[in-house]
Amino acid sequence: MIVTYKIHELTEYIDWLYFFHAWRLGAHFGQISEIHECDACRAQWLANFPEEERSKAAEAMQLYKDANQMLDELDKSHEIKGIYELLDANSDGDNIVVGKVVIPLLRQQVRKKDNEPYLCLSDFIRPLSSGQKDMIGVFASSVDPNIEKTYKDDPYKHILAQTLSDRLAEAAVEKMHEYVRKVAWGYAKDENLTIKEMHNVKYQGIRPAVGYPSIPDQTINFLLDELIDMSRIGIRLTENGAMYPHASVSGIMISHPASTYFSIGKIGEDQFNDYTRRRGLDANVIRKFLAANL
């Protein structure tokens, strides 16, 4: 299923904490998106910061204003596209099997509490041995690549467009995932969450993205591409599995009520060799993509 969003449909889904983090201003300045835009409220927001932080807060306030002005400009001629498919799936050990496509995954090596299990995303999918089909969602989203070109002669606006593009791609996934949970898949029909609650992951299920802590291997994009054909929304994969346009997101959706986000952490040589075998690629290739986990 392909979806197209106008930018004004996504602005409320933007997580401004990550926007300000990208500008190295501190994620806590993202709270500015929650205040009323009148002068009195803005002045009170500034006054709440300790004196040594007020200049940064004022900078964040101006940046937020510039960002919203740019969003209004971009809304006139640019759209964000998303794609998702709901597919029969089962787990097989640390793999997720979707038809003929086998998605190898890694098992967590760091846990927060001693009594917790070491998790793998496949743990949240019904196993092949059960004889019953389960389901996963496979998704991707991407911005119009011409957004960045619009401001190529203005360094400040060019960087602003880049960081907003990243947030819009994520916002599209947030909105798309909400629709999948409540309508398309419908496993959470009665969900009634605020945007802030969604950003705080209060919904049932998860949507781990490729390149993030639980799916660190970027080459998994090639397998997802086999399932949903990302070119249908203009995404092209490089020889290393990176996505173009750069402001693109891909991953899988899992509905299990106990599913949770986690980080793989450092893996041992035994798990590396097992993963390399299951992935079916040269060990030197996999070592490059898992460098942070070795």
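The values are calculated or read from the model by the stated rules, or taken from the named source; none is laboratory data. These numbers come from a predicted model, not from an experiment. Glycine gets a Cβ as well: all are built from the backbone with ideal geometry, and neighbour counts include every protein chain shown.
Conditions tested, residue by residue: (1) buried (at least 16 other Cβ atoms within 10 Å of the Cβ); (2) touching a residue at least 24 places away in the same chain (Cβ under 8 Å); (3) not hydrophobic (A, V, I, L, M, F, W, C).
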site	(1), (2), (3)
Ala43	no, no, no
Ala47	no, no, no
Arg54	no, no, yes
Ala67	yes, yes, no
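A single entry from Ile286, Ile264 fulfils the requirement of being aliphatic (A, V, I, L, M) and part of a helix (DSSP H, G or I): Ile286. Filtering the range 95-111 to residues that are touching a Lys or Arg at 6+ places or on another chain (Cβ under 8 Å), farther than 11 Å from Asp274 by Cβ and of a type outside the set (S, T, N, Q) leaves Val102, Val110.
Filter the range 276-294 for residues that are under 23 Å from the mean Cα position of the chain (by Cα) and surrounded by 17 or more Cβ atoms within 10 Å (Cβ to Cβ); which is farthest from Asp88 (Cα to Cα)? My answer is Asn293. Residues considered: Ile147, Ile159. Of these, the only one that is of a type in the set (A, V, I, L, M, F, W, C), closer than 25 Å to Asp15 by Cα, part of a helix (DSSP H, G or I) and without any contact (Cβ under 8 Å) to a residue 24 or more places away in the chain is Ile159. All conditions but one from (1) in the same structural domain as Asn221 (by TED's automatic domain parsing); (2) farther than 30 Å from Gly131 by Cα; (3) buried (at least 16 other Cβ atoms within 10 Å of the Cβ) apply to Asn95; the one that does not is (2). Is it the case, given these coordinates, that Ala247 is assigned by TED's automatic domain parsing to the domain that holds Lys133, touching a Ser or Thr at 6+ places or on another chain (Cβ under 6 Å), within 30 Å of Glu34 (Cβ to Cβ) and among the hydrophobic types (A, V, I, L, M, F, W, C)? Here the answer is yes, as Ala247 does meet what is asked.
Scanning the range 1-24 for residues that are surrounded by 15 or more Cβ atoms within 10 Å (Cβ to Cβ) and among the β-branched types (Val, Ile, Thr) gives Val3, Ile7, Thr11, Ile14.
His199 - would you say it is closer than 22 Å to Ile125 by Cβ, out of contact with any Ser or Thr (no Cβ under 8 Å at 6 or more places or on another chain) and not acidic (Asp, Glu)? Criteria not met by His199. Residues of the range 184-211 that are within 11 Å of Ile252 (Cβ to Cβ) and either under 13 Å from the mean Cα position of the chain (by Cα) or surrounded by fewer than 18 Cβ atoms within 10 Å (Cβ to Cβ) (or both): Ile206, Arg207, Pro208, Ala209, Val210.
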